[in-house]
Amino acid sequence: MTGNATSAAPSRVSTVSAARASRREGMTAFLFLLPSLVVFLVFVFYPLVQSFSLSVHSNDIIGRPTLFVGLENYVAMLTGPDFRLVLWTTFSFAIITVVPGIGIALGLALLLTARIRGIRFFRTAFALPFAFSVATSAVVFSVLFNSAVGVLNGFLYQLGSAGLNWLTDPGIALISIAIATVWLQLGYDLLVLAAGLGAIPDELYEAARLDGASGWRLARSITLPLLAPQLFFLIVVSTIQSLQNFGQIYILTRGGPSNSTTTLVYSIYSKAFAFGSSDFGFASAEAVVLLLIVLVITTIQFGILERRVFYR
Amino acid sequence: MMGWLRSARADPAGAIGRVLIYLILAIVAIVIVFPLYYTIAGSFMTPGDINSFPPSLYPHELHPQNYQTVFDLIPLGQQYLNSIIQSGTITIAELLTATLAAYGFAFLRMPWKRFWFGLFLATMMVPWEAIIIPNYLMMADAGLINTYFALVLPFLATGFGTFLLRQAFLTFPQDLRDAAFIDGCGHLRFLVQVLVPLQRPALAALGVFAFLGAWNQYFWPLLVTQNPQMQTIQIGISQLQSVDTNDLGSVMAGVVLAILPTLVLVIFGQRFIVRGLTAGALK
């Protein structure tokens with residue numbers, strides 16, 4: 001091997017030059033990381049520090065967040081009338097999007113494992129929502145939900161019902177947004193679960209069937225445990241995504257009616273940017289809360305991933 | 001449940017089961033596909049047609065003028081171009097920065113490697129919405145509102161992508177790399193001529209992931225572009241809906257044009273998408 005070695009590269013043997021070479025490799029390695037590090041430093045870590053700093057400041061007379069107010073924003077937030085409702089709305093929204101979304105996707109993914117003709121056609125059909133973005137899907141659903149001429153009320157009318165105020169009834173609006181969100185997410189959830197199901201070897205089922213297992217028992221003892229990594233991944237990712245939802249709420253309801261769809265992220269937006277109200281301090285206090293919630297969820301994720309979920 | 005599903009082909013007695021499966025699949029497919037169908041149908045409806053109640057489910061006469069009107073309502077062509085520039089730049093930049101960093105993490109020795117790697121992973125845990133205010137203020141102070149810079153700068157590197165590529169690079173046999181270096185190959189030459197060609201699937205997966213993520217962005221572009229000429233297609237389409245609610249047909253035409261690229265990708269490049277999007281789910 002050393003026979004066709006060229007020039008000096010392999011001839012460094014003394015410990016001094018080895019140390020120098022390793023230092024040089026360290027420098028080279030750092031150069032490879034540098035472009036990413038610069039971006040992260042400027043647009044992630046510095047803003048992260050700024051978020052905390054802004055949350056203890058308030059606006060001066062010309063609207064710049066420069067007045068130090070200590071924990072005043074946090075106190076105002078925690079004792080204020082809206083915050084509890086905002087948290088309640090945020091977590092309700094997470095539950096009514098994540099649970100039905102993954103449930104439906106799991107059911108469909110199982111159905112799609114059937115060896116029947118035309119499965120490819122259905123697979124493509126179910127993946128179609130994926131072509132939509134948050135914005136385009138929300139615009140389409142705003143037309144479907146329209147209480148005067150929308151198709152959904154059209155169907156209800158045919159069934160003899162007076163129809164619903166999908167986006168203007170405080171008791172329904174959050175559910176309507178959840179429907180639009182679940183529809184948009186479904187394609188992705190299905191892709192992930194189908195990939196997981198496809199990776200389970202047939203022999204496992206055959207062996208279990210030889211042992212007399214069938215039906216629900218097969219699903220419970222083989223399919224679900226082997227699908228656990230994908231399910232767990234989806235639960236965590238969809239939960240975090242639903243906590244971060246902004247586009248659908250902005251386009252469909254602007255947080256209304258009567259704040260019934262104002263989640264934490266939407267509240268951050270409306271305090272900091274909407275209607276010329278630029279309360280950056282208060283909004284940053286809410287941003288810190290969002291950060292903590294997401295950190296707790298990801299920490300739990302890593303904790304459970306390490307211990308419980310079965311990885312092949 | 002899985003039992004009769006898996007055996008539907010082998011077992012002739014599964015005929016009823018098969019009909020049942022088809023029935024469920026068909027109903028669900030109609031429900032799922034309906035919004036897309038109605039978007040396309042609506043984009044060809046006359047204003048009278050789409051505003052009728054009970055709503056008509058198909059255009060009674062074809063009204064393709066909607067596709068013209070939408071270009072008068074918003075600068076759709078320019079916004080399309082903006083989206084392509086924004087998403088294209090982000091995708092290429094992420095591929096570049098992530099490839100370089102992943103190479104460093106996978107192959108090179110460096111002091112504090114675990115710390116740096118942890119720092120990259122930590123960026124994945126920070127929700128963008130939690131740091132969006134300082135980022136916005138920074139852009140405003142730098143006078144970058146309504147520029148492409150504001151649209152792309154924060155997204156030129158990716159912790160997730162770096163992690164993904166590092167995992168892929170680690171599968172490269174160390175012997176082969178040593179051999180290449182003994183033959184006088186330098187880091188960059190090895191990267192460009194050996195590693196990147198071999199890792200095309202992983203890079204393509206990251207590319208799809210990055211492009212779709214950028215193309216679909218909403219919150220950030222909404223904040224940093226107020227001039228319609230600088231807005232992305234996503235912002236343009238959503239403004240359309242609030243600007244003119246009586247002209248729903250044109251709104252639908254705008255949506256059809258906006259989803260066209262991703263629709264083509266879903267129908268013809270499904271396998272490609274699956275790899276890109278499940279990249280995070282399957283280790």
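The values are calculated or read from the model by the stated rules, or taken from the named source; none is laboratory data. In this text the structure is predicted, and so the values were computed from the model without any measurement. Note that we place each Cβ from the backbone using ideal geometry, even for glycine, and neighbour counts take in every protein chain shown. Ligands, DNA and RNA are stripped out before the accessible areas are found, and what is left, the full protein with its side chains, is counted by its heavy atoms. Shrake-Rupley method; radii C 1.70, N 1.55, O 1.52, S 1.80 Å.
I need the full set of residues from region A:233-264 which are in contact (Cβ under 8 Å) with a residue 60 or more places away in the chain, within 13 Å of the chain's Cα centre (by Cα), over 13 Å from A:A178 (Cα atoms) and within 10 Å of chain B (Cβ to nearest Cβ), in order please.
A:L234
Name the single residue that is farthest from the other protein chains (Cβ to nearest Cβ) among those in region A:121-152 being within 20 Å of B:G48 (Cβ to Cβ) and assigned to a loop (DSSP other than H, G, I, E, B).
Result: A:S147.
Say we look at region A:97-120 and pick out the residues that are within 7 Å of chain B (Cβ to nearest Cβ) and β-branched (V, I, T); which of these is farthest from the chain's Cα centre (by Cα)?
Going through the qualifying residues, I end up with A:I116.
Among (1) closer than 30 Å to B:I132 by Cα; (2) modelled with pLDDT of 90 or more, where does B:F169 come up short?
Among (1) closer than 30 Å to B:I132 by Cα; (2) modelled with pLDDT of 90 or more, the lone unmet condition for B:F169 is (1).
Taking region A:270-285 on its own, how many of its residues are at the interface with chain B (Cβ under 9 Å from one of its Cβ atoms) and either surrounded by fewer than 24 Cβ atoms within 10 Å (Cβ to Cβ) or not hydroxyl-bearing (S, T, Y) (or both)?
Total meeting the criteria: 4.
Of everything in region A:61-83 that's within 14 Å of chain B (Cβ to nearest Cβ) and in contact with a Ser or Thr (Cβ under 8 Å, 6 or more places away or on another chain), which residue is modelled with the lowest pLDDT?
That would be A:G63.
Go through (1) open to solvent by less than 50 Å² (accessible area, probe 1.4 Å); (2) modelled with pLDDT of 85 or more; (3) closer than 28 Å to A:S142 by Cα for A:F232 and report which single condition fails.
Checking A:F232 against (1) open to solvent by less than 50 Å² (accessible area, probe 1.4 Å); (2) modelled with pLDDT of 85 or more; (3) closer than 28 Å to A:S142 by Cα, the one that fails is (3).
What are the pairs, 6+ residues apart or on separate chains, where a residue within region B:141-160 that is assigned by TED's automatic domain parsing to the domain that holds B:G118 and without any contact (Cβ under 8 Å) to a residue 60 or more places away in the chain has its Cβ under 8 Å from a residue that is part of a loop (DSSP other than H, G, I, E, B) and surrounded by fewer than 22 Cβ atoms within 10 Å (Cβ to Cβ)?
B:L153/B:L144
Results for (1) in a loop (DSSP other than H, G, I, E, B); (2) crowded, with 19+ Cβ neighbours inside 10 Å; (3) without any contact (Cβ under 8 Å) to a residue 24 or more places away in the chain, shown as yes or no for each residue.
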{"position": "A:L41", "(1), (2), (3)": "no, no, yes"}
{"position": "A:Y46", "(1), (2), (3)": "no, no, yes"}
{"position": "A:V49", "(1), (2), (3)": "no, no, yes"}
{"position": "A:L54", "(1), (2), (3)": "no, yes, no"}
{"position": "A:T66", "(1), (2), (3)": "no, no, yes"}
{"position": "A:G70", "(1), (2), (3)": "yes, no, yes"}
{"position": "A:M77", "(1), (2), (3)": "no, yes, no"}
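Please specify each residue of region A:27-41 satisfying the condition of being facing chain B (nearest Cβ under 7 Å) and among the hydrophobic types (A, V, I, L, M, F, W, C).
A:A29, A:F30, A:F32, A:L33, A:V39, A:F40
Of the residues B:A101, B:A142, B:A93, which single one is open to solvent by 60 Å² or more (accessible area, probe 1.4 Å), within 13 Å of chain A (Cβ to nearest Cβ) and either within 30 Å of B:I40 (Cβ to Cβ) or out of contact with any Gly (no Cβ under 8 Å at 6 or more places or on another chain) (or both)?
Result: B:A142 is the single residue among B:A101, B:A142, B:A93 that is open to solvent by 60 Å² or more (accessible area, probe 1.4 Å), within 13 Å of chain A (Cβ to nearest Cβ) and either within 30 Å of B:I40 (Cβ to Cβ) or out of contact with any Gly (no Cβ under 8 Å at 6 or more places or on another chain) (or both).
Pairs under 6 Å by beta carbon, first residue in a loop (DSSP other than H, G, I, E, B) in region B:174-200, partner not basic (K, R), six or more apart or different chains?
B:G184/A:T6; B:Q199/B:A168
Find the residue count for region B:1-41, including only residues that are more than 9 Å from chain A (Cβ to nearest Cβ), loosely packed, with under 13 Cβ neighbours inside 10 Å and at pLDDT below 70.
2
Looking at A:L218, A:L227 in this structure, which one is over 22 Å from A:R123 (Cα atoms) and at pLDDT below 90? If you could, list the steps in order and put the result at the bottom.
Values: A:L227 fails: over 22 Å from A:R123 (Cα atoms).
So the residue among A:L218, A:L227 that is over 22 Å from A:R123 (Cα atoms) and at pLDDT below 90 is A:L218.
Within region B:177-184, can one find any residue that is more than 10 Å from chain A (Cβ to nearest Cβ) and among the aromatic types (F, W, Y)?
Within region B:177-184, the first condition is being more than 10 Å from chain A (Cβ to nearest Cβ), and the residues that meet it are B:177, B:180.
Among the residues that remain, those that are also among the aromatic types (F, W, Y) are: none.
No, that holds for no residue.
Looking for whichever is surrounded by 21 or more Cβ atoms within 10 Å (Cβ to Cβ) and at pLDDT 90 or above here; the options are A:V99, A:V86. Which one fits? Even if it seems obvious, please write down each step before you answer.
Numbers: A:V99 fails: surrounded by 21 or more Cβ atoms within 10 Å (Cβ to Cβ).
Within the list A:V99, A:V86, the selection yields A:V86.
With touching a Lys or Arg at 6+ places or on another chain (Cβ under 7 Å) and touching a residue at least 24 places away in the same chain (Cβ under 8 Å) as the only criterion, which of A:T168, A:T113 stands out?
Every option except A:T113 fails the conditions.
What about A:I177, is it hydrophobic (A, V, I, L, M, F, W, C), open to solvent by 10 Å² or more (accessible area, probe 1.4 Å) and assigned to a helix (DSSP H, G or I)?
Answer is no for this residue.
Scan the helices (runs of 4 or more DSSP H) fully inside region B:38-114 and keep the ones with 2 or more residues being under 30 Å from A:L159 (Cα atoms).
B:47-50
Taking region B:216-234, which residues are assigned to a helix (DSSP H, G or I), more than 7 Å from chain A (Cβ to nearest Cβ) and open to solvent by less than 10 Å² (accessible area, probe 1.4 Å)?
Across region B:216-234, the qualifying residues are B:W220, B:P221, B:V224, B:I233.
Kindly list the number of the only condition in (1) of a type in the set (A, V, I, L, M); (2) surrounded by fewer than 16 Cβ atoms within 10 Å (Cβ to Cβ); (3) under 28 Å from B:E94 (Cβ atoms) that fails for A:L37.
Just one mismatch for A:L37, condition (2).
Give region A:188-225 a look and list any residue that's open to solvent by less than 10 Å² (accessible area, probe 1.4 Å), within 8 Å of chain B (Cβ to nearest Cβ) and closer than 26 Å to B:R271 by Cβ, or say none.
Across region A:188-225, the qualifying residues are A:V192, A:G196, A:Y205, A:T223.
Which of the residues belonging to region A:146-164 are open to solvent by less than 20 Å² (accessible area, probe 1.4 Å) and under 25 Å from B:I24 (Cα atoms)?
Result: A:V151, A:N153, A:G154.
Quick check on this structure: which one of A:F121, A:F93 is under 30 Å from A:Q185 (Cα atoms) and open to solvent by less than 20 Å² (accessible area, probe 1.4 Å)?
Numbers: A:F121 fails: open to solvent by less than 20 Å² (accessible area, probe 1.4 Å).
Within the list A:F121, A:F93, the selection yields A:F93.
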